[in-house]
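Following: one structure in structure tokens, then a few remarks.
The values are calculated or read from the model by the stated rules, or taken from the named source; none is laboratory data. Computed from a prediction, not measured in an experiment: that's the story for all the values here. As a convention, Cβ positions derive from the backbone with ideal geometry for all residues, glycine included, and neighbour counts pool all protein chains shown. Each accessible area value is taken on the protein alone, full model and side chains, heavy atoms only, with ligands, DNA and RNA left out. Shrake-Rupley method; radii C 1.70, N 1.55, O 1.52, S 1.80 Å.
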Amino acid sequence: MLRYVIKRLLILIPVFLCIAVILFGVAKMMPGDPVRAMLPSNLKHDQYQMAYDAMYRRLGLDKSIPEQFFAWFFNMLRGEFGWSSMNNRPVIDVIAEPMRNTVILNIGVIFLQLLIAIPVGIRCAVKRMSVFDNAWQVFSLIFWSMPSFFLSLCFLYLFSIHLGWLPFGGMPSSVTLSGWAYFFAWIRHMVLPATVLALISIAYTIRIVRNSMIDALNQDYIRTARAKGLKEKTVIYSHAFRNALIPISTVVVFTIFSLFSGSPVTESVFAWHGIGRMLIQAVMMRDTMLIVTLNAFFAVISLVAVLVADIVYGLVDPRVRLS
């Protein structure tokens with residue numbers, strides 16, 4: 001196992017290097033001038049040109065593209081992610097608060113997803129073609145195929161505009177609120193985006209769990225277990241569910257790692273100050289360093305999630321040998 005993990009980690013190094021080259025190259029090909037976005041427009045011509053040249057050199061834009069890439073890459077390995085032209089601050093300071101907001105939002109989503117989808121998916125497989133199964137299949141088809149922005153707008157209209165139960169979006173301010181009032185304001189602002197994301201993820205996960213369990217329940221060893229007189233709960237949870245864990249574990253692993261990835265569309269609709277909304281703003285403002293850093297972070301999360309999923313395969317299914 002240890003040899004396999006070390007081997008996979010070594011493979012990830014050139015993979016991440018190739019991803020970083022592509023991300024940096026694409027970001028540099030974007031139109032726009034980040035220096036002009038940072039400077040005030042009310043300066044005189046001579047002052048503006050002096051400030052422009054100084055900022056241009058400070059950001060390292062006077063160097064060649066390969067020099068800029070290697071400077072950014074090695075600085076990134078040391079935890080220095082460059083300067084955000086959109087916020088005129090270091091990138092590490094800019095992403096700290098949105099990352100926290102995204103993690104808090106996704107914790108509630110993941111909790112609802114796993115708490116509801118796994119038992120419902122198992123019961124749908126056991127009660128296949130029943131009213132319960134058909135109802136949840138309709139639910140999963142509707143919410144899995146529905147665009148997140150459309151579902152978000154529907155929820156905004158129903159619960160914020162028509163009923164007035166919940167705020168339109170945004171986030172509470174710690175300046176005007178404190179203590180329990182600030183906490184409950186956070187909850188009220190988080191209900192709608194968390195519900196939208198949870199409904200979509202629950203619909204997807206239910207189908208994965210149901211299909212995996214149906215495949216497992218149709219195997220010969222399940223018929224043998226039932227023929228031996230084992231209890232139905234033992235057959236379902238000790239035999240079928242355990243052997244259906246490979247596709248389910250993939251969903252669970254990627255769901256856990258999605259804590260740190262934003263939802264650009266949903267966060268933008270609800271004006272949630274998360275990492276996904278910040279990425280869209282960075283693209284609109286041509287903030288190269290922020291775009292590259294966020295995409296590199298998402299790439300690392302995906303690569304690590306794939307590695308963890310492969311390791312989990314070997315743990316949940318002895319038939320999968322890691323070599």
Self-check item: Label-point gap, in nm, between residue 51 and residue 89 - each point 7 angstrom along Cα→Cβ
Solution: 2.0 nm
Self-check item: Solvent exposure of the chain as accessible area per residue, Å², 1.4 Å probe
Solution: 56 Å²
Quiz prompt | Rounded tilt (10° steps) of 91-126 against the dominant C-alpha axis of the chain | solution = 10 degrees
Self-check item: Residues in segment 90-114 that a label on residue 301 would reach, taking backbone N under 19 Å of a point 7 Å out along Cα→Cβ
Solution: 91-114
Quiz item: Can you give the three extents of the C-alpha atoms in segment 55-136 along their principal axes, from longest to shortest, in whole Å?
Solution: 68, 26, 21
Exercise. Estimate the FRET efficiency between residue 22 and residue 230 by the formula 1/(1 + (r/R0)^6), using the beta-carbon distance for r and 45 Å for R0, to the nearest 0.05.
Key: 0.30
Quiz prompt | segment 165-323: relative contact order in percent, alpha carbon pairs under 8 Å with at least 6 residues between | solution = 23 percent
Quiz prompt | Extension gain, residue 78 back to residue 220 (0.36 nm per residue minus Cα-Cα distance, nm) | solution = 45.7 nm
Quiz prompt | Top of 307, 197, 39 by mean-square fluctuation, Gaussian network on the chain, Cα under 10 Å | solution = 39
Quiz item: Of all accessible surface on the chain at a 1.4 Å probe, what whole percent is carbon and sulfur?
Solution: 67 percent
Exercise. Hey, can you grab everything whose amide H is under 5 Å from the amide H of residue 262? Only 5+ residues off in sequence or another chain; H modelled, so Pro and N-termini drop out.
Key: 276
Quiz item: Taking the Cα atoms only, what angle lies between the long axis of helix 179-217 and the longest principal axis of the chain, rounded to 10 degrees?
Solution: 50 degrees
Quiz prompt | Alpha-carbon centroid distance for the pair segment 234-298 / segment 141-194, whole angstrom | solution = 19 Å
Quiz prompt | Amide proton proximity set for residue 84, modelled H, under 5 Å, gap of 5+ | solution = 89, 91
Self-check item: For segment 55-60, Karplus couplings with θ = phi - 60° (6.51, -1.76, 1.60), whole Hz, Gly/Pro x
Solution: 5, 4, 6, 4, 7, x
Quiz item: At a probe size of 1.4 Å, how large is the accessible area of residue 36, to the nearest 10 Å²?
Solution: 140 Å²
Quiz prompt | Structure-based [θ]222 nm, the chain - -39500 (n - 2.57) summed over DSSP H runs of at least 4, per residue, nearest 500 | solution = -23500 deg cm²/dmol
